[in-house]
Structures are given as C-alpha cells and as structure tokens.
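Written out below as structure tokens is the structure these notes cover.
The values are calculated or read from the model by the stated rules, or taken from the named source; none is laboratory data. Predicted, not measured: the structure shown is a model, and the values here were computed from it. Positions of Cβ are backbone-derived with ideal geometry, glycine not excepted, and every protein chain shown enters the neighbour counts. These area figures cover heavy atoms from the full protein model, side chains too; ligands, DNA and RNA do not enter into them. Shrake-Rupley method; radii C 1.70, N 1.55, O 1.52, S 1.80 Å.
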Amino acid sequence: MNKTFTAAAIAAMAVLTGSALAGCSMSTPAPAETTQATPAPSDNGAASTSPAVSTGPGSTGAARSGGTKAACELFNKLVADYGAVSPTDSQGYEDVYSRAQDAKDTVSGDLRGLFTSLSLLAIDHSSVAETGGKPSQESKDAVRDAVFVNAGTCTAEGVTLRL
C-alpha cells in the first residue's frame, strides 16, 4: 500500500513541479476563450475567478458555487483538517489528499496550485505516517509558495490564507 502512495506522491510532485514552473510567470493573463461556452450564472460579482464546472458530492461544492472566496475558504478548511490528522493516521492524510484533488478540479488559474500543493503534502505525509515520519521539506515549501502566490487574490476576497 505504501508503494502505491509513494508512487502517487512522486507523480504529484512531477505535476506540481511542472505547475510551479508554469506559475513562475504570474503576470501572464488567462487565455481568452475562443470557443463557445455556456455562460455561468451570475453570482454577486465578487468572484474574480470562475470555477470550472464539475459535479460531485462533498465540501468542494462550495468552491464551485462561490468562486474565489469559497475556494480560499475551502483551502483554509482543508489545511485545518490536515493539521487535525493524527501524525500516524495515513488514512486521514489520504482523505485530505482526495478532497484537495477534488477541489483542484473546481478552480482555475493559480488557485489550482493551492489544492495541488496541499494534495501533494497530504499524500507525501500519508506515505510516511505509519512509520512516524514527516513529509518532505519540498512538499511543505510547495504549499507555502502556493499560499504566497494566492495571498493577494484571497485577501482581496476578504480571506486570509492559513498554513
């Protein structure tokens, strides 16, 4: 079982590394939509990032329906849930990993990095939890970097990101 999670952690690290390199150009605007899309229902106008359309149960629905603010709040909730997991509870970390992966699919742009990095940290911690180990510093740094990149966006929505 640990081999599966270790493989998943390695794959997630590869994806995150690619995302981090792509995210280095923070001033690059999102590509303009050139295909016809069904317009999303208008919310209160506060959301500056439209979430990707996705279906499914769970707490990630908040990110789908509330835009940027809900995504930032969901990230804070997942960080709190991650912190509440017992250090030797690999299943608890896997649960946080799954919910972060689901949430990642509900947002776009730099906000995806928040959930990608948290899922990497959770799966990394899951793979060493049974032996009492700690996640790699690279995983921790990835979350910190993603929070730094998104701090302004979330603060503008009235949410302070937590680590």
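Between Leu163 and Ala151, the simple label model (points 7 Å from Cα in the Cβ direction) yields a spacing of 0.9 nm.
Could you work out what % of the accessible surface of the range 63-123 is carbon and sulfur, using a 1.4 angstrom probe and leaving DNA, RNA and ligands out of the count? Carbon with sulfur: 47 percent of the solvent-accessible area.
For the range 61-163, the number of Lys pairs with C-alpha atoms closer than 19 Å, counting only pairs eight or more positions apart or on separate chains, is 5. Modelled label positions at Ser98 and Glu138, each set 7 Å beyond Cα in the direction of Cβ, lie 2.7 nm from each other.
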